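Let me begin by presenting the structure, written as structure tokens, before commenting on it.
The values are calculated or read from the model by the stated rules, or taken from the named source; none is laboratory data. Just so it is clear, the structure is predicted and the values come from calculations on it, not from any experiment. When we count neighbours, we look across all protein chains shown, and the Cβ atoms used for this are built from the backbone with ideal geometry, even at glycine. These area figures cover heavy atoms from the full protein model, side chains too; ligands, DNA and RNA do not enter into them. Shrake-Rupley method; radii C 1.70, N 1.55, O 1.52, S 1.80 Å.
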Amino acid sequence: MMIWQRTLLATLISLCSSTLWAQDTVYQDRLLSDMGVDTPEDLDSSENTSGLPRQWMTDLLWGERQQQRDGQQQRDQDIGIGINGFLQTKQWGAWSVDTTLYQQHDDGDRDTGMSGTLWQRQFWLNDDWMLNQSVGVSPTPLPELMRLPSRFILPAQPLLGWSIEGQHRNQQRWQASIGQTGQYNGQRVRGFAQADGELYYLAHEQRLHPDWQMAGLWLSTRGSLNPDTLQPVARDANQTDAGVLSLAWQQPKQRLQFNVIHSQTPDQREVGGWLDGQTVRGRYDHQYGLFWLEPNLGWGGSSLSQDAKGGYYRLNYQYARWLWNASLDQIYSVSGQSFSGQYANTYVRYQAPRQRAYGGQLSIRHDLDQRELLYQGLLFAESPNRLGTQRWQVEYQHQPNFDRTQLSIDQAIDWDLGQRLSLTTSYLQEQRIHQTHTGLGVGMYGTLPLSTAWRLDGSARFWQLDDRNGQDTQRDLNMTLHYQPNPTWQYSLSLYEITGQQQFNSLDPLTPITQRSQVEERSILFTLRHVYQAGKAPAMMGGRFGDPYGTISGEIFLDANQDGIRNGSEAAAPEVTVVLDGRYMARTDAQGRFRFEQVRVGSHQLSVSNDELPLPWQIADARLQQTIEVRVRQTQHVAVGAVRPY
């Protein structure tokens with residue numbers, strides 16, 4: 001018997017025996033003061049409060065999947081053990097782990113591997129230098145300058161290897177990564193598909209003056225960037241090199257930043273540059289810039305906005321009940337072979353009394369060469385009712401020889417304890433040359449409590465499209481049935497199904513083109529989870545040793561209608577890293593969800609970044625870092641929606 005099989009068998013026996021033993025113990029939740037607050041003396045005697053805080057979640061996983069990609073069928077089974085947790089130390093910083101050891105059976109072949117990440121955060125070498133590092137699967141880090149508001153974004157590159165960041169008194173920052181290229185493989189038993197290439201990355205950020213800051217980045221890959229089993233990456237040259245230099249001047253209400261990039265492969269060498277500016281005047285936030293981007297620009301395995309020169313302007317306004325923004329791009333092709341014209345976008349929302357809201361969005365694209373005008377827009381209205389909040393939305397899109405109209409009704413149902421269910425119904429009509437398509441869609445997202453121990457959550461989207469040639473069905477199902485008899489044990493059964501091609505088509509001419517394969521997938525996953533928590537948090541300002549705990553849960557999603565609430569028709573953002581208090585790390589799952597258990601009562605900082613989001617989606621600046629108030633034995637839910645800013 002192999003070591004992997006022995007480990008799995010021993011873990012299974014241990015978990016099953018612990019379950020049987022735990023049946024004699026009845027869990028009792030207690031609030032031991034009239035104020036509803038537990039003091040250190042009042043905590044349940046069964047809790048292990050020795051040492052610093054630590055938490056471990058052990059998952060036993062079994063899954064089966066059927067997949068068809070571009071006409072090729074594949075069937076496999078996955079067995080795995082997942083470990084997720086954190087450990088706070090006095091001298092070595094905060095440690096977090098999220099890893100899965102799995103074995104895959106595919107048409108008689110057997111593959112054993114491990115995918116995961118071990119993070120170390122806030123490790124102080126001395127009074128001046130602090131280190132953050134990770135081993136395993138992680139994205140390349142980016143300097144803070146490259147995360148500031150910009151018309152263009154450098155996407156993070158996933159790798160299997162080692163990443164480190166050193167920070168000196170907030171004056172300079174060094175970052176480095178080395179490892180093997182690959183992609184997140186999207187399997188329900190989380191894995192990372194390795195390619196044959198290697199990745200090397202180095203970055204430095206320096207504060208030259210209180211108002212001046214600079215950064216330099218270098219990224220190099222050798223070998224193939226594309227695993228054979230996954231959809232192709234945008235750039236898969238055997239050798240890529242790219243470098244970026246950035247210089248920024250910043251004051252409290254004004255900022256200018258200039259960036260220049262050079263990328264090359266054995267066959268091509270390209271350069272580009274862009275200037276970003278921002279000025280805040282009262283209630284108005286002005287963003288503007290110029291750009292020159294030659295064709296075939298790239299960053300590792302990702303294509304960037306390219307073959308474009310011109311400028312842009314964006315205006316944001318928010319005051320009282322009004323929120324609106326408008327943007328205008330003037331674009332010319334550098335080579336004369338791509339888009340030249342204007343692109344404009346505007347969004348407005350009015351928060352009326354009695355929790356009502358009205359608004360709309362309009363995007364216009366004018367192609368000078370083709371003499372074409374493309375536009376799409378929407379109008380919406382929100383109002384409360386007995387169940388929660390209802391939203392009516394109508395969308396219209398016009399392109400040459402194509403018109404599309406869609407009506408959607410979304411009903412949000414608020415349960416107790418912050419749980420929420422969103423139901424969406426949509427009807428669409430598409431008019432093409434001599435053809436008319438109609439369709440009916442339904443969607444669901446959220447949690448349906450069945451009892452105190454049972455709940456059903458997830459998302460489901462179904463589309464039925466009809467035309468003269470017949471019917472086409474599109475399904476996107478991601479549902480999980482949970483059973484939690486006590487806080488220590490949890491059982492879940494997940495069903496996944498994706499059929500039909502579903503992708504977003506943007507009018508923005510500067511959005512990089514993403515290659516997609518036609519995928520149909522059906523899978524089932526069973527998870528047995530054991531949770532271990534122990535320790536007390538150290539004292540902090542405003543708190544005391546051994547304060548009680550709460551929980552932070554959240555989700556990151558693609559907020560297509562920009563209302564800040566995840567609706568049944570909106571997709572999740574998986575594999576995005578979330579940081580709590582700069583120390584503890586978590587990664588969103590297939591439903592875009594994350595969770596931090598045993599968080600001490602009080603204020604905490606929750607941080608995310610745009611590095612790992614699919615382009616052109618971005619999280620607004622105000623949502624990148626949030627302050628969360630945790631209350632005793634309560635779960636604080638955070639919804640972070642990524643929007644298309646242009």
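Summed over the stretch 529-545, the residues that are touching a Ser or Thr at 6+ places or on another chain (Cβ under 8 Å) and either modelled with pLDDT of 75 or more or surrounded by 18 or more Cβ atoms within 10 Å (Cβ to Cβ) (or both) give a count of 6. Of all residues in the stretch 88-109, those that are open to solvent by 30 Å² or more (accessible area, probe 1.4 Å) and touching a Pro at 6+ places or on another chain (Cβ under 9 Å) total 1. Residue-level analysis places GLY85 among those that are assigned to a strand (DSSP E or B), farther than 20 Å from GLN194 by Cβ and open to solvent by less than 20 Å² (accessible area, probe 1.4 Å).
Considering only residues in the stretch 357-382 that are in a strand (DSSP E or B) and over 29 Å from the mean Cα position of the chain (by Cα), the one that is nearest to ASP563 (Cα to Cα) turns out to be LEU374. Restricting attention to the stretch 386-426 and to residues that are in a strand (DSSP E or B) and among the acidic types (Asp, Glu), the residue that is surrounded by the fewest Cβ atoms within 10 Å (Cβ to Cβ) turns out to be ASP414.
MET146 falls short on exactly one of the conditions (1) more than 30 Å from TYR312 (Cα to Cα); (2) not in a loop (DSSP other than H, G, I, E, B), and that condition is (1). All conditions but one from (1) touching a residue at least 60 places away in the same chain (Cβ under 8 Å); (2) open to solvent by 60 Å² or more (accessible area, probe 1.4 Å); (3) within 22 Å of the chain's Cα centre (by Cα); (4) farther than 30 Å from ASP211 by Cβ apply to THR112; the one that does not is (3). When residues in the stretch 616-638 are screened for being within 21 Å of TYR347 (Cα to Cα) and out of contact with any Leu (no Cβ under 9 Å at 6 or more places or on another chain), 5 of them pass. All of (1) open to solvent by 20 Å² or more (accessible area, probe 1.4 Å); (2) modelled with pLDDT under 90; (3) closer than 24 Å to GLY300 by Cα hold for GLU198 with one exception: (2).
Under 9 Å between Cβ atoms, which residue pairs at least 6 apart in sequence (or on different chains) link something in the stretch 243-254 that is closer than 19 Å to ILE153 by Cβ with a partner that is part of a strand (DSSP E or B) and charged (D, E, K, R)? Within 9 Å, the pairs are SER246/GLU205; ALA248/ARG255; ALA248/ASP276. Among the candidates VAL599, VAL576, VAL638, VAL643, single out the residue that is more than 19 Å from TYR445 (Cα to Cα), of a type in the set (A, V, I, L, M, F, W, C) and either in contact with a helix residue (DSSP H, G or I) (Cβ under 6 Å, 6 or more places away or on another chain) or touching a residue at least 40 places away in the same chain (Cβ under 8 Å) (or both). Exactly one of VAL599, VAL576, VAL638, VAL643 is more than 19 Å from TYR445 (Cα to Cα), of a type in the set (A, V, I, L, M, F, W, C) and either in contact with a helix residue (DSSP H, G or I) (Cβ under 6 Å, 6 or more places away or on another chain) or touching a residue at least 40 places away in the same chain (Cβ under 8 Å) (or both), namely VAL599.
No other residue among SER115, SER96 is within 16 Å of ARG587 (Cα to Cα) and at pLDDT below 80 apart from SER115. From the set of residues in the stretch 280-336 that are in contact (Cβ under 8 Å) with a residue 40 or more places away in the chain and of a type in the set (Phe, Trp, Tyr), which is farthest from ASN226 (Cα to Cα)? Here the answer is TYR312. Taking each residue of the stretch 495-506 that is closer than 19 Å to GLN397 by Cβ and looking for partners that are open to solvent by 80 Å² or more (accessible area, probe 1.4 Å) and at pLDDT below 80 with beta-carbon atoms closer than 8 Å, six or more apart or interchain, yields GLN501/ARG516; GLN503/ARG516.
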